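The values are calculated or read from the model by the stated rules, or taken from the named source; none is laboratory data. Not measured: the values here are computed from a predicted model. For neighbour counting, all protein chains shown are included, and Cβ atoms are generated from backbone atoms with ideal geometry for every residue, glycine included. Side chains included, ligands, DNA and RNA excluded: accessible areas come from the protein's heavy atoms. Shrake-Rupley method; radii C 1.70, N 1.55, O 1.52, S 1.80 Å.
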Amino acid sequence: MQLSADYHMHTPLCRHAVGEPVDYARRALEIGLTEIGFTDHSPMARDDFDDWRMKDSQLEEYVSKVRLAQRTHPQLTIRMGLEVDYLPGQEDWIRRLAARQPWDYFIGSVHYVSDTWDIDNPAKLSEWKKRDPYEVWSVYFERLAQAARSGLFQIIGHADLPKKFGIRPAQDCHPLYEEFINAAVEAGCAIELNTAGLRKECREIYPCPDLLKLARQKNVPITFGSDAHAPAEVGMNFAEAVALAHSVGYSECCRFNHGKRESVQF
Ligand SMILES: [Zn+2]
Ligand SMILES: [Zn+2]
């Protein structure tokens, strides 16, 4: 069986990943991948917004690092994208970002449920104690639906990120999932199966089987991503992700070339 493309990986420009794109590419070939895509954390309109992304002035450097990996690994298809933070009001900035390079795709991710709280940041774990988890999940999924509806993203990233630390609401989250999946259907965007969750306290792929089942029922396309922040993480746990996708009825995933989607069997 051919391994699926790994569409989610980072570079040291985001200040919390190690290894150059050429190293990720070498690792991808080692484990038998035929296609990967770089999606480092996008710059924000303000460079001092936080400290875990590239600066605006580094965008060209990022592109040349990816281009170098492409040139030195012609036997591997290497796509160029960004993991873009969605915050309401940032739409124009994201549109300008999209126009600056011939990107293959954008992963739209929600990390921030307010201008100051990135819910997956271990340094801000104490924020979770001040709030009811269901409230956080509600705001998160509302933003995620907005991100999907914006039409700015080909793929929505790690769709149930709030579970990262294993803190989960007692309430039924199905209505939240449904609102988001309906938005993804409306906008025609894909979601990713992100294996990084297996390496976090939640010990589960993003999204959970319930959310993925809903996506399958509504024919939402999928991609696979390791969210690698080091070359050794490329393609990590893809067998589990593929098994999960198969278990809910998926037999096709998608790839992107300059924003154009194509389905492939897996
Ligand atoms: Zn990261
Ligand atoms: Zn992310």
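The C-beta contact set for segment 184-202 (first residue more than 19 Å from VAL264 (Cβ to Cβ), second residue in a strand (DSSP E or B), distance under 6 angstrom, 6+ apart or interchain) comprises GLY197/TYR206.
Being over 21 Å from THR223 (Cα atoms) and within 16 Å of ligand 1 (Cβ to nearest atom) is the filter here, so list the residues in segment 156-196 that pass it. Even if it seems obvious, please write down each step before you answer.
So in segment 156-196, the residues over 21 Å from THR223 (Cα atoms) come out as 165-176.
Within segment 156-196, just PHE165 meets the criteria.
Residue count for segment 48-62, restricted to those that are assigned to a loop (DSSP other than H, G, I, E, B), without any contact (Cβ under 8 Å) to a residue 12 or more places away in the chain and loosely packed, with under 15 Cβ neighbours inside 10 Å: 1.
Restricting the search to segment 234-251, which residues are in contact with a strand residue (DSSP E or B) (Cβ under 8 Å, 6 or more places away or on another chain) and at negative phi? Correct list: VAL234, MET236, PHE238, ALA241, VAL242, LEU244, ALA245, TYR250, SER251. Scan segment 74-85 for residues that are within 15 Å of ligand 1 (Cβ to nearest atom) and either in contact (Cβ under 8 Å) with a residue 60 or more places away in the chain or touching a Pro at 6+ places or on another chain (Cβ under 7 Å) (or both) and report the count. Qualifying residue count for the region: 3. Taking the criterion of being without any contact (Cβ under 8 Å) to a residue 24 or more places away in the chain and either within 16 Å of ligand 1 (Cβ to nearest atom) or in contact with a helix residue (DSSP H, G or I) (Cβ under 8 Å, 6 or more places away or on another chain) (or both), the residues of segment 6-47 that qualify are PRO12, ASP47. ALA245 falls short of the stated requirement of being more than 16 Å from ligand 2 (Cβ to nearest atom), under 18 Å from LEU144 (Cα atoms) and open to solvent by less than 10 Å² (accessible area, probe 1.4 Å). Among the conditions (1) assigned to a strand (DSSP E or B); (2) on the phi > 0 side of the Ramachandran plot, GLY89 misses just one, which is (1).
Please enumerate the residues belonging to segment 109-136 that are charged (D, E, K, R) and within 22 Å of the chain's Cα centre (by Cα).
Selection gives ASP115, ASP118, ASP120, LYS124.
Which of the residues that make up segment 72-118 are more than 12 Å from ligand 2 (Cβ to nearest atom), of a type in the set (Gly, Ala, Ser) and either under 22 Å from VAL136 (Cα atoms) or surrounded by 15 or more Cβ atoms within 10 Å (Cβ to Cβ) (or both)? GLY81, GLY89, ALA98, SER114 - these are the residues of segment 72-118 that are more than 12 Å from ligand 2 (Cβ to nearest atom), of a type in the set (Gly, Ala, Ser) and either under 22 Å from VAL136 (Cα atoms) or surrounded by 15 or more Cβ atoms within 10 Å (Cβ to Cβ) (or both). Count of segment 167-177 residues, restricted to those that are in a loop (DSSP other than H, G, I, E, B) and open to solvent by less than 40 Å² (accessible area, probe 1.4 Å), is 2. Under the condition of being within 16 Å of ligand 2 (Cβ to nearest atom) and part of a loop (DSSP other than H, G, I, E, B), the residues counted in segment 1-34 number 7.
Can you name every residue in segment 35-47 that is of a type in the set (A, V, I, L, M) and part of a loop (DSSP other than H, G, I, E, B)? Please lay out each step first, then the result.
Initially, segment 35-47 is screened for residues of a type in the set (A, V, I, L, M), giving 36, 44-45.
Those that are of a type in the set (A, V, I, L, M) and part of a loop (DSSP other than H, G, I, E, B): MET44, ALA45.
Every test in (1) surrounded by fewer than 18 Cβ atoms within 10 Å (Cβ to Cβ); (2) more than 24 Å from THR223 (Cα to Cα) is passed by MET44 save one, and that test is (1). When residues in segment 178-215 are screened for being out of contact with any Asp or Glu (no Cβ under 8 Å at 6 or more places or on another chain), part of a loop (DSSP other than H, G, I, E, B) and either among the polar types (S, T, N, Q) or surrounded by 24 or more Cβ atoms within 10 Å (Cβ to Cβ) (or both), 1 of them pass.
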